[in-house]
1. What list of ³J(HN,Hα) values in whole Hz, one per residue of region B:75-81 in order, does the Karplus curve 6.51 cos²θ - 1.76 cosθ + 1.60 (θ = phi - 60°) give from phi, with Gly and Pro shown as x?
2. Name the residues of region A:174-200, by number, that are at least 40 Å² less accessible with every protein chain in place than in the isolated chain; the surface is that of heavy atoms, probe 1.4 Å, without ligands or nucleic acids.
3. In nanometres, what is the gap between the two model label sites at B:Glu367 and B:Gln466, each 7 Å from Cα along Cα-to-Cβ?
4. What does the accessible area per residue of region B:79-161 come to in Å², with a 1.4 Å probe and no ligands, DNA or RNA counted?
5. Computing the accessible area with a 1.4 Å probe over protein heavy atoms, can you report the carbon and sulfur percentage for chain B?
6. Label A:Glu346 and B:Asp442 with points 7 Å out from Cα along Cα→Cβ: what is the distance between them in nm?
7. With a 1.4 Å probe on protein heavy atoms only, tell me which residues of region A:282-323 lose at least 40 Å² of accessible surface in the complex relative to the chain by itself.
8. So how far, in whole Å, is the C-alpha centre of region B:370-396 from the one of region B:134-159?
Number of protein chains: 2
Amino acid sequence: MSGAPGHALIDTLRAAIGGPQVLTRDDHGDLAAWEQDWRRRWRGQALAVVRPGNTEEVAAVVRACAAAGVPIVPQGGNTGLVGGGVPDGSGSQVLLSLQRMNRVRALDAANLTLTAEAGCVLQSLQQAAAAEGLLLPLSLAAEGSCTIGGNLATNAGGTQVLRWGNTRDLCLGLEVVTAQGEVWNGLSGLRKDNTGYDLRDLFVGSEGTLGIITAATLKLAPQPAAVTTALAACTTLADAVALLKLARGRLGAGLTGFEVMNAFSLELVARHFPALPRPLPDAPWTVLLEQSDVEGEAPARERFERLLEAALEDGCVHDAVVAESLAQSRALWHLRESIPLAQAEEGTNVKHDIALPVSAIPAFVAECDTALAERWPGIRLVDFGHLGDGNLHYNVQAAPGIDGAQFLAEQEHAVNTVVFDHVARYGGSFSAEHGIGALKRDELAARKHPVALAMMRAIKRALDPQNLMNPGRVL
Amino acid sequence: MSGAPGHALIDTLRAAIGGPQVLTRDDHGDLAAWEQDWRRRWRGQALAVVRPGNTEEVAAVVRACAAAGVPIVPQGGNTGLVGGGVPDGSGSQVLLSLQRMNRVRALDAANLTLTAEAGCVLQSLQQAAAAEGLLLPLSLAAEGSCTIGGNLATNAGGTQVLRWGNTRDLCLGLEVVTAQGEVWNGLSGLRKDNTGYDLRDLFVGSEGTLGIITAATLKLAPQPAAVTTALAACTTLADAVALLKLARGRLGAGLTGFEVMNAFSLELVARHFPALPRPLPDAPWTVLLEQSDVEGEAPARERFERLLEAALEDGCVHDAVVAESLAQSRALWHLRESIPLAQAEEGTNVKHDIALPVSAIPAFVAECDTALAERWPGIRLVDFGHLGDGNLHYNVQAAPGIDGAQFLAEQEHAVNTVVFDHVARYGGSFSAEHGIGALKRDELAARKHPVALAMMRAIKRALDPQNLMNPGRVL
């Protein structure tokens, strides 16, 4: 506890949202579930963990903290990757968990919209949509525990971006508690609304630094009649890009996934999960294609076969398999999804979440691979990701025999400098889908266009003049 | 001219961008081409019209005006509908035309992106994409003269929004001259980039009030193999909404257009353009459906026929035609596009550009029609628009025998109040795709959520503290 001012605030918070929803270390012991991120990379200490149950309670908490000059760290499912949702170590920040705000407020099937509170777990919203024959086209590894509020705060990406865009593209309206503790009801279900500045997209991706998203209206789509999967073996990354072009032309919006995996990333999977099949064992690059179809399985599979025949003829693919059943489709996706787990089994590495123009990816990877190998002989690249979006998880693994944790501790900054310098040269982004948080704040300050940085800081001062909303994150 | 300070600024501007590109009334006579909007609803007077040829010149103009405390009104093709791009009558504002900045800077076919300067005419960009077999999926009535900078500044909509979104959804990156005359180079061609606040979407739709968009990187798509059109007759608007649901499920992303027209709007077309065909003359509501297909004409037409059979069986459609050729498709679109022209021939009416949740449209129209008819017996509704986006041009025509111009002059405000009150009750927007400009500024102040308004004003003050960027527009 941090003395009398903290005590007075905690009394106010207890009065505002009920004693049991204000947790302190003194009264409740270990608060690690909120104070530490799930990968255990950051461990902070909160003045208190507060769990408001509705929008008015969130607003009351913010007003009380603003009056006391106490910072607030909003948190959803605590599945973030950049340390944006855990308090710092000062013991002076209030951790505001949105998890009790988990109601679906409305599902309008004719308008294809879902309005849900920030604390809803993503998977529960996917299920609510599916129950009406509809699709919420946002899918990512953490979907079983991440919340939609966190997805919005970080503009999460995932595996459906190629067809449906990032979380931002799925959001039609927001309800937000401002830094002053006022409630903005912008929960619109409209596809067109040109009435003033786009505040919605400003809050989406702002990582809790401008205000707190308490609810959102999201776009839905009809469920496709069938989803099928294929795997293709490419000799080079340029071949994979050529296949992407071919697939876009022939499948159009039916192409809903295009993931790439290099040989080393699938070797790790084979090493740590030997029971998994390995359909194209000799491919330098393996592409997973997903197709969604409004008509059904058979026409989709036929279209896949025609596409892959054309790709074999073109030479950009040298082998391919089309899943013959839903089970086979799932097995192919399972391979892709096992890469992060296999990495974790293998030990720590230096992780990246970069984006590039798709056209620049082959040259970028060739040059950056070479530059890294020159400086760190023997290093291996776990190179995989959402090629259709130009988004690679270009992870750098120490040479055989070198301890991963030590390599990370000693070389992370130098590795990042090489990678991000190459990214910048090709017009790319050093944070594609994970955000800035605490982890990449210095990179943002160093690498973002200075005019853009100045505008961001001006907006932050304008909307949060006391700098109480998730301070020290992003800016 | 406005005395010595104006003269000094004009000398500075001439030195910065060349004498011939700084036009004044004294030296060049009538400047109506820039001072008046194309519908001749607003006529202002500029201190000068300046025509910079590149980004650095735009920045120099802004710096000179900022130093002199002189406001700037940016203008593209001058095709706006809300008076946002013409100067006021004071003679104290500099009109900055972007029309000389009309270069395509890059077209990256493998990345599906086009980078173009703000003054490029939309149609020329559609053609540049088509020359590479690609589609720039933004299409609106003014495409032959509007500029992409204006489209971005107003977040223009049009007829492709159902599939591709508004202009905002097509924009990946921007180059902007700030109110301080600095250049922000944010011309990214990335599908994912979570490095800080979404400045791009803040500038898109801000109507020149925060800074000047000088170039943009836009998304392209492969050209579809075929585009086909059908017309369906519905008894009620609820039937049209039911048809939309059916079409979305069966055509998925292949459904690229869904326009509705009431009987009166097509009667006006028949009256003023009697040579045009009228395929479904007795329909209370006519729906135009457009389908784009990656495979070809035949499968698309087949799919249309199956859809319309199902709709006839369901009862939501009572008659339909599928275009048998490109010429027939064009003729059906021509009907739809003739409605605004037929309206102009018929005389003035009270125009609206509203959006609603699609699910609310039948009830909204029924109630609002009744409320208007009670107050103004005999009035007629020219009700047509982009039903797939929930966007109606719900235009109110005076009763037969009453002069349209007089009705507009005397009743516009009262009509708007009835319409916008109903729009608000159904969670809609009083400006779907045309923006705010000067025309709807008072509506914005009166109808926007006060917390949103306060945030917009704070952002405006933060980015344009001198209030020199298109003052008096939007806010």
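1. Result, rounded to whole Hz: 9, x, x, 6, 10, x, 10.
2. When all protein chains are present, A:Trp184, A:Leu190, A:Arg191, A:Lys192, A:Asn194, A:Thr195, A:Gly196, A:Tyr197, A:Asp198, A:Leu199 each give up 40 Å² or more of accessible surface.
3. The two pseudo-label positions are separated by 4.8 nm.
4. Working: 2560 Å² over 83 residues.
Dividing the accessible area of region B:79-161 by its residue count gives 31 Å².
5. Details: 8520 of 16800 Å².
C and S fraction of accessible area: 51 percent.
6. Going by the 7 Å Cα→Cβ label model, 6.7 nm.
7. In region A:282-323, residues shielded by partner chains: A:Val294, A:Glu295.
8. Taking the Cα centre of each part, region B:370-396 and region B:134-159 sit 25 Å apart.
The values are calculated or read from the model by the stated rules, or taken from the named source; none is laboratory data. This structure is a prediction, so every number in the text was calculated from the model and none was measured. Counting neighbours? That spans all protein chains shown, and the Cβs are built from the backbone with ideal geometry, glycine included. Side chains included, ligands, DNA and RNA excluded: accessible areas come from the protein's heavy atoms. Shrake-Rupley method; radii C 1.70, N 1.55, O 1.52, S 1.80 Å.
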